[in-house]
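The values are calculated or read from the model by the stated rules, or taken from the named source; none is laboratory data. Here the structure is a predicted model, which means the values were calculated and not measured. Cβ: placed from backbone, ideal geometry, glycine included. Neighbour counts: every protein chain shown. With ligands, DNA and RNA removed, areas are computed over all heavy atoms of the protein, side chains included. Shrake-Rupley method; radii C 1.70, N 1.55, O 1.52, S 1.80 Å.
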Amino acid sequence: MTKRKGLTLTDVLITVVIALVFAVIYSLWDGIYTILQPFGLHLNELVYGMWFIAAIVAYLIIRKPGVALIAEFAAASGETIVLLQFDISLIMYGLLQGLVCELIFLIFKYKSTHLMVVVMAGIAAALITLPLDWYYGYLGHLESWNLILMFSLRILSGAVVAGWLGHVLYRAVKETGVLKFIGSSSSDSTEGL
Amino acid sequence: MFEAVKKYSTFTDQTNPLTKIMLAVILFVTVIFIHNPNTLFYLMIFMLFLLIVLSGIQYKYLIILLLFIFISGLISSMYMIFYGEGTTLLFEFGIINITEESLIRGIHVAMRGVILSLFGALLIFTVKITDVFYSLMIQLKVKAKYAYSFMAAIRMVPLIISEYMQLRQAKKVRKALIYKKHISGFKGIKTTIVTLISQSIRRAYRLGIAMESKGFSDNKRTYYYKTSFSKYDLYFILLVLASIWIAILLGSSIPVINITDAR
């Protein structure tokens, strides 16, 4: 197959499917998120990174512009598709997180698969929605220790769950050999073998 | 999808999905800018009313859903109720201190979530998910390759779920033979995700090639299902905007509680 620039239908389909796999897993584990929520200690923020891990894994696998955004949109609408719940704020958050991931990947010209790049993208995605949360949840009126706890748990989760875990999963998927024909690495026969 | 639990259908079913999504965005922006808990309370009542009347879902299912929406709304705002700033102390226990201000603010945040969930539930009950992608293609001219890959991927979700279940059973059967770390714990989670992803990529790749060769990425096409805008869209828009407007009026003229600013 000749190498084509831009996203092909196959690229988009693979991206969406990766996002939906995470949506399914996330939905099956939805209980965890709910169990962690009470008492308001923000323990649920620890798994916050799971929301945008799809964008990171999809980017690492396909490495083309637009992939992170599509993956994020698919992951956000995944809740609607799998659990039949529609939450508009989720979709808007997802699009914002996807856009900021795109921005980070653009800086590295969609080439780098380095761990630091995806950790940066994870942190950026964790940070981007904080202003929205600030207005939506009146975070300015929270006791400061609770606020700092929430911020640090979320950034930690963006770096570790989305960035590091995303990278670990990418390397493991690469070892299985399914990435041979996929994405911008397809012309390079040694890549992904 | 909900035909079995639907008692009747209303004009909302004929409303274009894009209209509904756009209204949901407007509603989201609106609730962020409303700081009067009274207004939010009235808006919540209106949205509850719209859901009950327009969805046409049997009441026993609606009640279960409503319980779920209200409880999860309250749980998600607990952080504010427990740890919000305030001066009039109501309850103190260890690090938890509930003040009047934080309680009102917490309920305010919970109501925001509940309003969006109620409207979201109305959407789920009245929109067919494929129609969303058809109207994205027909009305918004989104390229067919995006819409069709989404629709194809959605069809794969049951496969992914059954594969996950199969994997879990396979691990259960072999539990005695393999090292415990590979079943539970981080390694167990990792192998599960990697298996699911690699299988799905393989399947998506095959399907993608097949769809491309059948011309699904070609942009000039006709559609079997047609979506359009109609007078029903106008009715629905007017209904939702009127609810917001009346809620704002009622919130300032007939307040339920004395506090008019949750901040």
* Rounded to the nearest 10 Å², the accessible area of residue B:63 at probe 1.4 Å -> 100 Å²
* Can you list the residues, at least 5 places off or on another chain, whose amide H is less than 5 Å from the amide H of residue B:85, using H built in the peptide plane? -> A:142, A:143
* To do: Using only C-alpha positions, report the orientation-averaged shadow area of the convex hull of segment B:1-125, nm², one decimal.
  => 8.7 nm²
* **Whether segment B:94-151 is rounded, prolate or oblate, judged on the alpha carbon gyration tensor where a/c under 1.5 counts as rounded** => prolate
* So what's the convex hull volume per residue for the Cα atoms of segment A:9-176, in Å³? -> 108 Å³
* Max mean-square fluctuation residue, GNM over chain B, Cα-Cα springs under 10 Å, options B:106, B:188, B:120 -> B:188
* HN-Hα J in Hz across segment A:62-73 - Karplus 6.51, -1.76, 1.60, θ = phi - 60°, x for Gly and Pro -> 9, 6, 10, x, x, 5, 4, 5, 4, 4, 5, 4
* Kindly report, to the nearest 10 Å², the accessible surface of residue B:26 as traced by a 1.4 Å probe over protein heavy atoms only. => 60 Å²
* **Size of chain B as Cα extents on the principal axes (Å, biggest first)** => 64, 58, 32
* To do: Check each residue of segment B:70-100 and keep those whose accessible area, probe 1.4 Å, is at least 50 Å² smaller with all protein chains in place than in the chain alone; give them in order of residue number.
  => B:75, B:79, B:83, B:85
* How many square angstrom of accessible surface are buried between A and B, both sides summed, with a 1.4 Å probe and rounding to 100? -> 5900 Å²
* To do: Measure off 7 Å from each Cα along the Cα-to-Cβ vector at residue B:253 and residue A:180, then give the distance between these two points in nanometres to one decimal.
  => 7.3 nm
* To do: Using only the Cα atoms of segment B:118-263, build the gyration tensor, take square roots of its eigenvalues as a ≥ b ≥ c, and label the shape rounded, prolate or oblate: rounded if a/c is under 1.5, else prolate if a/b is larger than b/c, else oblate.
  => oblate
* Structure fact -> Counting only protein heavy atoms and leaving out ligands, DNA and RNA, the solvent-accessible surface of residue B:263 at a 1.4 Å probe, in Å² to the nearest 10, equals 130 Å²
* In whole Å, what are the Cα extents of segment B:51-172 along the three principal axes, biggest one first? -> 57, 46, 33
* Asked: Using a Förster distance of 45 Å, how high is the FRET efficiency between residue B:237 and residue B:89, based on the Cβ-Cβ distance and rounded to 0.05?
  -> 0.50
* Largest first, how would B:182, A:114 line up by accessible area (1.4 Å probe)? -> A:114, B:182
* With a probe of 1.4 Å, find how much accessible area the protein assembly as shown has per residue, and write the answer as a whole number in Å². => 47 Å²
* **Sulfur and carbon atoms: percent of accessible area, segment A:9-176 [1.4 Å]** => 76 percent
* **Percent of Cα pairs exceeding the 16 Å cut-off, where the set is segment A:65-148** => 59 percent
* Solvent-accessible area, 1.4 Å probe, carbon plus sulfur percent, for segment B:144-213 -> 61 percent
* Largest-first principal axis extents of the Cα set of segment B:144-213 (Å) -> 48, 17, 16
* Using the alpha-carbon centroid of each, what span in Å lies between segment A:111-137 and segment B:1-55? -> 31 Å
* Taking segment B:6-113, which chymotrypsin sites (Phe, Trp or Tyr not before Pro) meet the DSSP loop condition and have no more than 11 other C-beta atoms within 10 Å? -> B:8
* Can you put B:92, B:100 in order of accessible area, largest first, using a 1.4 Å probe? -> B:92, B:100
* To do: Any chance you could get the radius of gyration and Dmax over the Cα atoms of the protein assembly as shown, in Å?
  => 23.1, 71
* Structure fact -> For chain B, the helices passing both cut-offs (Cα extent along own axis of 24 Å or more, Kyte-Doolittle mean at least 1.0, full DSSP H runs) are B:17-33, B:37-55, B:59-76, B:100-126, B:231-253
